[in-house]
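Please treat every number below as a calculation from the coordinates, not as lab data. Quick caveat: nothing in here was measured; it's all calculated off a predicted structure. Note that each Cβ is placed from the backbone with ideal geometry, even for glycine, and that neighbours are counted across all protein chains shown.
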Amino acid sequence: MTPPRKLHIKSYGCQMNVYDAQRMVDTLAPEGFVETASAEDADLVILNTCHIREKASEKVYSELGRLRLAKDEAARGGRTMQIAVAGCVAQAEGEEIVHRAPVVDVVVGPQSYHHLPELLKRAGREGRAIETEFPPEDKFGFLAQPRPEAIRSRGISAFVTVQEGCDKFCSFCVVPYTRGAEVSRPVAKIVDDVKRLADNGVRELTLIGQNVNAYHGEGPDGQSWPLGRLLAHLAEVPGIARLRYSTSHPRDVDDSLIAAHRDLPGLMPFVHLPVQSGSDRILAAMNRRHTADDYRRVIDRFRAARQDIAFSSDFIVGFPGETEQDFRATLALIAQIGYAAAYSFKYSARPGTPAAEIQETVSPGEMDQRLERLQELIDSQQSAFNKAAIGATVDVLFEREARKAGQIVGRTAYLQPAHVMASPDIIGKILPVRIDSLERYSLLGELVTPGVSRAPELSSMAPGA
Ligand code: SAH
Ligand code: SF4
Ligand code: F3S
């Protein structure tokens, strides 16, 4: 038997890349590859890249600089190290990558991961292989299935891709170019994946997609199913206790999704709903095709369906032409909605996007200052939200042993990490925890009835409920 080959994958960017990294591992497992934590002793290093902002994209080249040294070192020891660039930079830059970094053996776009074994062989023979075919063949149809051991080693919470790509073309964003047009997977395939996950200990699913609530996959009845219907169907799979989905677009929140939040106790009341800006002028320039008021109304519909629902969002500051007045409209929207968390970014001009052509830019100093003001407001909302949990009894799904001996960590409905002292056999269970204190972003508490499953009526208890 040939000895296993070592594979190291480093992922940047979004949850889709985390998921794709697992699929690459699953695709390469039959080729004898096993994962290793260190790039230096790997036979294959894959950088799974993100193109969303300039900083993310440029990181790849500094990493490739370091890998060049590791590859030389391996060669001196008589070992061959292959280097592959995958992900959205691979898709966006293709061949350019090898011009800038000749150390790269393989460039592979997100639609071609099922060809990885073949590309590695071709690179071995011909010195290099590049595949960024677009549009894809049926990518989803070719994805490798994880082995049961792989699923179990990844823990009780899993991502499942239900759609990929985006047709929204926000004027600042590269995703429609790197991930292509929106495609939804058929319900039956998703159900197969989910059953396999549940059979191997997964209790929580996050359905992912660049525009997940644009989901319109074919159902078993031949009809196109919206996301809400898919969620209701997956809630029935034995073993699946919690459902989440990410990332949604405010324009695609339909009644099925609202009904799912009203009717499914397992659908977590925590929704990531990016708005980007609170100024209608900027939202129009961003081609978001919704106003700040449209967004407020969407939030109201969610809240009417489930009163304990909380939100997170993404914001961009310093979009070309953003004035102080526009920025204040964003702060006003944040103040009005009240977020449990948010991600905020300085605008980064991306090659090929319409916004990159706009001449009128915001100065770096102004951007820094706006980002700081926005983050201050979000931080105060987030810490108020977390503090509200102190003294409450909340359901926690326990995931793993914490760093501190004897401690087990899990997550609340709102993804807050919660720590208790308990035995590891609570991992995989949802148990009520009385929250005593807050340490930075982590909640500390005690099991209400140590080791004993709680009464079902407690399951919907949450701060604010
Ligand atoms: N599909 C998701 C996420 C897209 S990328 C959505 O529609 O929300 C995640 C976030 O990165 C975006 O929500 C946006 O806030 C940010 N982003 C995207 N392009 C950017 C750019 N050019 N500059 C700065 N931030 C950007
Ligand atoms: Fe990008 Fe807009 Fe699509 Fe989100 S909705 S991925 S921000 S184009
Ligand atoms: Fe980045 Fe591509 Fe995801 S650009 S955010 S890795 S879809």
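Observations, loosely collected:
- The range 5-131 - charge dipole about Cα centre, Lys and Arg +1 at Cβ, Asp and Glu -1, debye rounded to 20: 200 debye
- Close amide-amide hydrogen proximity is noted between residue 270 and 310, each under 5 Å apart and 5 or more residues distant or on a separate chain (H modeled in the peptide plane; Pro and chain starts excluded).
- Extreme residue, positive dipole direction of the range 1-144, given options 65, 46, 28 (C-beta unit charges): 65
- Taking each of 121/189; 168/189; 10/59 in turn, the alpha-carbon distance tops 22 angstrom for 121/189; 168/189.
- Over the chain, all Cα pairs binned in 20 Å intervals from 0 give whole-percent P(r) values of 23, 55, 22, 0, listed from short to long.
- C-alpha center-to-center spacing [the range 334-393, the range 169-242] in angstrom: 28 Å
- Here's the picture: charge each Lys and Arg Cβ at +1 and each Asp and Glu Cβ at -1 in the range 5-131, and of 12, 94, 77 the one pushed furthest to the positive end of that dipole is 77.
- Phi-derived couplings, Karplus 6.51 cos²θ - 1.76 cosθ + 1.60 at θ = phi - 60°, listed residue by residue for the range 46-53: 10, 9, 9, 9, 10, 10, 5, 10 Hz, with x used for Gly and Pro.
- Sequence-ordered 3J(HN,Hα) estimates for the range 414-424 from the Karplus curve with 6.51, -1.76 and 1.60 and θ = phi - 60° stand at 9, 6, 6, x, 10, 10, 9, 8, 6, 7, x Hz, glycine and proline given as x.
- Unit Cα scatterers, Debye sum, the range 5-131: log10 I(q)/I(0) for q = 0.09, 0.13, 0.17 Å⁻¹: -0.21, -0.45, -0.80
- In order along the range 396-409, the phi-based Karplus estimate (6.51 cos²θ - 1.76 cosθ + 1.60, θ = phi - 60°) of 3J(HN,Hα) comes to 10, 8, 7, 10, 6, 6, 7, 5, 6, 4, x, 9, 10, 10 Hz; Gly and Pro are listed as x.
- Of the residues 261, 285, 241, the one whose Cα sits farthest towards the positive end of the charge dipole of the range 241-307 is 241 (charges of +1 on Lys and Arg Cβ, -1 on Asp and Glu Cβ, taken about the Cα centre).
- Net charge contributed by nearby residues that have their C-beta within less than 13 Å of residue 289 (K/R +1, D/E -1): -1
- Only beta bridges with both residues in the chain are counted; by DSSP, about 35 percent of them are antiparallel.
- Cβ-isolated cysteines (cut-off 4.7 Å), the chain: 14, 50, 88, 166
- Ordering of 238-247, 110-119 by packing is 110-119, 238-247, highest average first (other Cβ atoms within 10 Å, averaged per residue).
- In this structure the amide hydrogen of residue 51, modeled in the peptide plane, comes within under 5 Å of the amide hydrogens of 88, 89, none closer than 5 places in sequence on its chain.
- Ordering of 361-368, 336-343, 263-270 by burial proxy (mean other Cβ atoms within 10 Å per residue, highest first): 263-270, 336-343, 361-368
- Cut-off under 5 Å, modelled amide H: who pairs with residue 343 long-range: 313, 314, 315
- Spatial separation of Cα centroids for the range 248-299 and the range 68-129, in angstrom: 39 Å
- Dipole moment magnitude, nearest 20 debye, the chain about Cα centre, only Lys, Arg, Asp, Glu C-beta charged: 760 debye
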